[in-house]
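Take a look at the structure set out below.
The values are calculated or read from the model by the stated rules, or taken from the named source; none is laboratory data. This is a predicted model, so every value here is computed, not measured. Note: ideal-geometry Cβ built from the backbone for every residue, glycine included; neighbour counts use all protein chains shown. When the accessible area is computed, the model is the full protein with side chains, heavy atoms only, and any ligands, DNA or RNA have been set aside. Shrake-Rupley method; radii C 1.70, N 1.55, O 1.52, S 1.80 Å.
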Amino acid sequence: MVTILVGGQWGDEGKGKIVSYLCLKDKFDITARAGVGPNAGHTVEYKGKKYGLRLVPSGFLTEDTRLLIGAGVLVNPEVLLKEISELGIEDRFGVDMRAGIIEEDHIRRDKGSSHLKDKIGSTGTGCGPANQDRANRSLKLAKDVSALEKYITNVPDELHKAKQEGKKVLVECSQGFGLSLFYGDYPFVTSKDTNAAQACVDVGVGPLDVSDVIVVFKSYPSRVGEGPFPTEMDPKEAERLGIVEFGTVTGRKRRNGRFDFELARKAVLINSASQIALTCIDYLDPRNKGVRDYELLTDEAKAFIAEVEDKVGVPVTLISTGPDLADTIDLREEKL
Ligand code: GTP
Ligand code: IMP
Ligand code: MG
């Protein structure tokens, strides 16, 4: 059984939090990372500790979950090895032999290009130039990096074996629908598609292996970097609402906006999403912060959740009321 989790806006919807919540709650046997690469920054907060992850899947808190990175994901070995050792996950981590490798030259080209860095507002992590080299068939792969040797694996083989054994697999994507190379506002997008079908390809499963697609939406979406943001609000309004955030990878201030129902509908269609996880409900009203019982949410929050379900047409099964994993309302038993 494979569940895919994707972002429905411009990234930073809180995928890291939802993935780690699901892993702890549902005891997934494997979490496999899809998505572009170390341009992502997932935040996980649990029992007073805060983790910022760029490559290791966010399911690391569950001690017996195997953690994999798929062939479609770009890897910066330095960033990856640091995360593995900081988290102490050496014995349960694997990276597909075909994952692409980011080298110093890619980072130099990303940061040194006024088109990428200034016009697009890239993260400067080398992902765009590495994907150029992948398309040019001149990119180094993980199997050629001796420092990664002990972690090299065949992710599709592992996932298909897990499926035969009836195990549970969670595929964690990065970025979001609005940053898709094909469906976002080109050229203000990342260097690859960011949707569920791409996540399948990234880790090597087929569409019929997938039983659930969870799309994560933030109640007030954010965007970093350049590009259109139809529902963007004045930064002063964001400050007044107390919803200003800074990027995990680049430290840049995130732009904020109001929920865009039209974008959400498109994201649900293209991802064939079966469930919605709605994060940052506390941004609507601080009284919702840390609430763990649906009945205790404000009437405004309940009305907003109902409006999302009504306009987008998919049940909101998970509601996040704060960054900590415990600040989650799980309605899956009632709604599915
Ligand atoms: P990318 O993979 O980079 O797209 O990131 P992401 O989707 O994993 O999100 P990221 O962790 O970068 O940003 C989400 C931010 O919101 C983090 O700082 C989280 O700790 C925080 N967060 C997640 N859920 C909630 C919530 O319900 N309320 C509040 N206040 N913060 C939340
Ligand atoms: P790149 O992926 O570094 O080339 O950046 C291209 C665009 O995608 C820029 O607008 C970045 O800010 C944005 N982007 C890439 N990864 C993320 C992410 O994980 N969260 C939010 N924005 C991202
Ligand atoms: Mg992020």
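Points worth noting:
- The combined condition, being β-branched (Val, Ile, Thr), away from ligand 3 (no atom under 15 Å from the Cβ) and part of a loop (DSSP other than H, G, I, E, B), is not fulfilled by Val249.
- Answer residue from segment 165-186, given it is in a loop (DSSP other than H, G, I, E, B) and small (Gly, Ala, Ser) and is farthest from ligand 3 (Cβ to nearest atom) among those: Gly166
- Among the residues making up segment 119-147, those that are assigned to a loop (DSSP other than H, G, I, E, B) and within 16 Å of ligand 2 (Cβ to nearest atom) are Gly121, Ser122, Thr123, Gly124, Thr125, Gly126, Leu139.
- If you go through segment 284-324 and keep only what is under 22 Å from Leu22 (Cα atoms), assigned to a loop (DSSP other than H, G, I, E, B) and over 25 Å from the mean Cα position of the chain (by Cα), you end up with Asp293, Leu297.
- Any hit, segment 80-94, residues being surrounded by fewer than 24 Cβ atoms within 10 Å (Cβ to Cβ), assigned to a loop (DSSP other than H, G, I, E, B) and free of Cβ contacts under 8 Å to residues at least 40 places away in the same chain: yes
- Of the residues making up segment 3-27, those that are more than 11 Å from ligand 1 (Cβ to nearest atom) and buried (at least 24 other Cβ atoms within 10 Å of the Cβ) are Ile4, Leu22, Cys23.
- Hey, Tyr51 more than 13 Å from ligand 3 (Cβ to nearest atom) and aromatic (Phe, Trp, Tyr) or not: no
- Any hit, segment 213-228, residues being crowded, with 17+ Cβ neighbours inside 10 Å, part of a helix (DSSP H, G or I) and more than 16 Å from ligand 3 (Cβ to nearest atom): no
- Number of residues in segment 115-146 that are within 16 Å of ligand 3 (Cβ to nearest atom) and surrounded by fewer than 22 Cβ atoms within 10 Å (Cβ to Cβ): the value is 2.
- Restricting Val189, Val205 to residues that are assigned to a loop (DSSP other than H, G, I, E, B), closer than 24 Å to Ile4 by Cα and within 16 Å of ligand 1 (Cβ to nearest atom) narrows the list to Val189.
- Checked against (1) out of contact with any Cys (no Cβ under 6 Å at 6 or more places or on another chain); (2) within 16 Å of ligand 1 (Cβ to nearest atom); (3) modelled with pLDDT of 95 or more, Gly41 passes all but condition (3).
- Hey, Val56 within 15 Å of ligand 1 (Cβ to nearest atom), more than 21 Å from Lys218 (Cα to Cα), part of a loop (DSSP other than H, G, I, E, B) and in contact with a strand residue (DSSP E or B) (Cβ under 8 Å, 6 or more places away or on another chain) or not: yes
- Among all positions in segment 109-117, there is no residue which is in a loop (DSSP other than H, G, I, E, B), of a type in the set (Ser, Thr, Tyr) and under 23 Å from the mean Cα position of the chain (by Cα).
- Here is the figure for segment 298-321: residues that are aliphatic (A, V, I, L, M) and open to solvent by 10 Å² or more (accessible area, probe 1.4 Å) total 4.
- Hits in segment 1-31 (condition: within 16 Å of Gln175 (Cβ to Cβ), more than 9 Å from ligand 2 (Cβ to nearest atom) and assigned to a strand (DSSP E or B)): Ile4, Leu5, Val6
- If you go through segment 235-268 and keep only what is open to solvent by 90 Å² or more (accessible area, probe 1.4 Å) and without any contact (Cβ under 8 Å) to a residue 60 or more places away in the chain, you end up with Lys236, Glu239, Arg240, Phe246, Lys253, Arg258, Glu262, Arg265.
- Selection status of Asp110, more than 25 Å from Pro207 (Cβ to Cβ) and either in contact with a His (Cβ under 7 Å, 6 or more places away or on another chain) or open to solvent by 40 Å² or more (accessible area, probe 1.4 Å) (or both): no
- Enumeration of residues in segment 269-283 that are closer than 30 Å to Ser211 by Cβ, assigned to a helix (DSSP H, G or I) and open to solvent by less than 80 Å² (accessible area, probe 1.4 Å): Ile270, Asn271, Ile281
- Selection of segment 39-53 for residues being surrounded by fewer than 24 Cβ atoms within 10 Å (Cβ to Cβ) and either touching a Leu at 6+ places or on another chain (Cβ under 6 Å) or assigned to a loop (DSSP other than H, G, I, E, B) (or both) yields Gly41, Tyr46, Lys47, Gly48.
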